[in-house]
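The values are calculated or read from the model by the stated rules, or taken from the named source; none is laboratory data. Please read these numbers as outputs of a predicted model, since none were measured by experiment. Neighbour counts run over all protein chains shown; Cβ positions are idealised from the backbone, glycine included.
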Amino acid sequence: MSTLIEFTHEFSQGVWKLYISDKSKRLIEYVDEDPFYVLSEVFSDQWNFITEELRDWLIIGLSSDNTVYDDWGERLTLVVFHDHLAFLIEALIIIYVRNLEDVDKKEKIPPYKIHLLSDKQRTNPKQIIEHFFEQFPTTYIMRELDDWFTASLTYPGHWRDNVVSPYHAQRVNEKVLCLIKTAERLLRP
């Protein structure tokens, strides 16, 4: 099959294919082969992602000029989804820390107190993941995250302390997508 563009000798078809094949993988592409690598990358910087960034992203989404959240039912659904998502993320933190084998890595983990999950829920975080996907089908999750992200792009106000720009909102959305796909993967044998 020929391309629509003719390449010059400086940038040949072979060079073009090399650039295509060398494109770096995105974090979400590692979910199936190594879900714990994805968790380590998402949780590597800080734990405030679960509380502060996610909360600020919610406020931005609800405060947006985007009409997707004009209806109170849609707004309430986003808040409920956010709350369940925070539980899911705490469950993933527990699973991640329990599966760390390297003592040095465990010592370098920033302090984070699990505060949303009960003692009973902490003992079986996989149940939290199962419950999340029972409550929210994957199709709904993807649509809600897309709406939430789009709403954050049309936010007219001053950016929050923990989500400071549309780019930052995109990074939060990316982390959430990685965590959801990782949670899905962890449910599979």
Restricting the first residue to the range 80-99 and requiring it to be under 11 Å from Arg122 (Cα atoms), which pairs with a second residue that is in a helix (DSSP H, G or I) and hydroxyl-bearing (Ser, Thr, Tyr) meet a Cβ separation below 9 Å and a spacing of at least six or different chains? Leu92/Thr182
Considering each residue of the range 55-65, count those that are part of a helix (DSSP H, G or I) and surrounded by 20 or more Cβ atoms within 10 Å (Cβ to Cβ), and give that number. 5
I need the helices (runs of 4 or more DSSP H) fully contained in the range 118-187, keeping only those with at least 3 residues that are at pLDDT 95 or above and not hydroxyl-bearing (Ser, Thr, Tyr). 125-135, 138-153, 166-187
Only one of (1) over 30 Å from Ser152 (Cβ atoms); (2) assigned to a helix (DSSP H, G or I); (3) modelled with pLDDT of 75 or more; (4) not acidic (Asp, Glu) is not met by Leu100, so which one is it? (2)
Check on Arg55, out of contact with any helix residue (DSSP H, G or I) (no Cβ under 6 Å at 6 or more places or on another chain) and at pLDDT below 95: yes
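Per-residue answers, yes or no, for (1) under 16 Å from the mean Cα position of the chain (by Cα); (2) under 17 Å from Lys113 (Cα atoms):
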site	(1), (2)
Glu33	no, no
Phe36	yes, no
Glu41	yes, no
Ile59	no, no
Ser63	no, no
Asn66	no, no
Gly73	no, no
Val97	no, yes
Taking the range 10-25, which residues are part of a helix (DSSP H, G or I) and either under 30 Å from Glu174 (Cβ atoms) or modelled with pLDDT of 70 or more (or both)? Val15, Trp16, Lys17, Leu18, Tyr19, Ile20, Ser21
Is one or more of the residues making up the range 69-90 modelled with pLDDT of 85 or more, assigned to a loop (DSSP other than H, G, I, E, B) and under 25 Å from Ile28 (Cβ atoms)? no
